[in-house]
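A short write-up of the structure that comes next.
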Amino acid sequence: MAFGTDSELFPGYSINVPHNVTVQRGLCVYIPCSFTVPETVTLTRNAKGIWYNKDEESVASRSNTKYETNGRFFLVGDVWRGDCSLYIENPLYEDEGRYRFRVEDNINLSYQDIKPYVEVTDLTDKPEISPIKSWLDGEEVTLRCTSPGTCVGTSPRITWRGNTGTQSRRSANEIKDNENGTKTHFSTITFTARKEQNNSPFSCTVQLKGGLTTVQEITMKVEYPPSVPEIKCSITNRKPNIPSSSGCTIDANNTIYLLEGSQLSLICSADSVPESRFVWKSFSGTKTSSFTENQIFTNLSLTDEGTYTCQATNPHGRKETSVTIRITCK
């Protein structure tokens, strides 16, 4: 906000108020304002301040503790202390224009040179959801949705939408009082993070006065350790009179029986967030080897017999699965 001081035509009279103020439909704005009178003038507690709109209609006034308002404009400052601060709630498009302040007491004066211009725009602000982070499967989640604006007169309606399971706890709308007399409105929701919620939408809707609504949506990020890896296989036979490709079966004992000379591919996968790193370990006789790629055997022989273990690891844990290869001669 750009402020200006009005010296007026008379020494000692000045006003300090923003030149331009923007407020969105459904929201509110606090306009700080102060004014001075000459040292020879002493304002009484009955000093009355009045704000006029562009049509020269009084929209808000105050004299000590007596208020007058059109229901959306409020003179919130102590006029006798030189405070002409104005609060506007749920403005209409027709409220746009310049506003003039006047003080009436043992002096009567309108501050003419500086008249703040109030611009009314469409509602574009969205609620704020916090914190935005990744959660671990099984961890308790508490999210807070803060309504845009800091309105005093009415509380917005805040609702949540998303997959929270059956044990979620939602707070009623809560209010935080700010130093300048305005209020911050928010709501919280608490639930247990589950891996099924990963990449699912979660939203907060705020319904403001006049039926205006604004929505913020986030994508839940839930991390979890690897599931037990799944091993799949495929083979290509290289023997005469045998089809070049056939299925591969891992039996109930996690064993694969293959013809000598076949080509075998072992592929390992596991569900996890973040994605797992896969390491293969082979235990053939007394020899142990490690591999980080899918296993491909181009010409299986008896020396390839043994147990092969796929190990899936991410920052939250490790799981492994083993398969045994048995070679038969043709």
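Miscellaneous remarks
- For Asp271, the residues 5 or more places off, or on other chains, whose built amide H falls under 5 Å of its own are Ser227.
- Pairs exceeding 20 Å between alpha-carbon atoms, taken from Lys133/Lys176; Lys66/Lys176; Lys232/Lys281; Lys48/Lys209: Lys133/Lys176; Lys66/Lys176; Lys48/Lys209.
- Backbone HN-Hα couplings from phi across segment 171-179 [Karplus 6.51/-1.76/1.60, Hz, Gly and Pro as x]: 7, 5, 4, 10, 10, 10, 7, 9, 4
- Note on segment 67-154: the C-alpha convex hull projects to 9.4 nm² when averaged across all orientations.
- FRET efficiency for Leu212 and Leu136, using Cβ-Cβ distance with R0 set to 35 Å, rounded to 0.05: 0.40
- The calculated FRET efficiency for the pair Asp125 and His316, based on their C-beta separation and a Förster distance of 35 Å, comes to about 0.45.
- Between Thr40 and Ser234, full extension at 0.36 nm per residue minus the direct alpha carbon distance yields a gain of 59.9 nm.
- Option label - Cα extents along the principal axes in Å computed here, alternatives (1) 88, 47, 32; (2) 116, 37, 34; (3) 80, 42, 28: (2)
- Comparing Glu89, Glu128, Glu57 in a Gaussian network model of the chain where C-alpha atoms under 10 Å apart are linked, the largest mean-square fluctuation is found at Glu57.
- Using a probe of 1.4 angstrom and keeping all protein chains present, the accessible surface of the chain works out to 53 square angstrom per residue.
- Length gained on full extension, Asn180 to Asn70: 37.5 nm, using 0.36 nm per residue less the C-alpha separation.
- Computed FRET value (nearest 0.05) for Thr328 with Thr298, which takes r as the C-beta separation and R₀ as 22 Å: 0.75
- P(r) tail for segment 22-177: Cα pairs beyond 29 Å make up 37% of the total.
- Ligands, DNA and RNA left out, the accessible area of the chain computed with a 1.4 Å probe is 46% carbon and sulfur.
- Whole-Hz couplings from phi, Karplus 6.51/-1.76/1.60, listed for segment 112-127; x for Gly and Pro: 9, 6, 10, 10, x, 9, 9, 9, 10, 10, 5, 6, 10, 5, 10, x
- Lone cysteines, the chain (no partner Cβ under 4.7 Å): Cys329
- Measure of compaction for segment 101-248 (Cα Rg per 2.2 N^0.38 Å): 1.92
The values are calculated or read from the model by the stated rules, or taken from the named source; none is laboratory data. Just so you know, these numbers come straight off a predicted model, no measurement behind them. Glycine also receives a Cβ, built like all others from the backbone with ideal geometry; neighbour counts cover every protein chain displayed. In case anyone asks, the SASA skips ligands and DNA or RNA and just uses the protein heavy atoms, side chains included. Shrake-Rupley method; radii C 1.70, N 1.55, O 1.52, S 1.80 Å.
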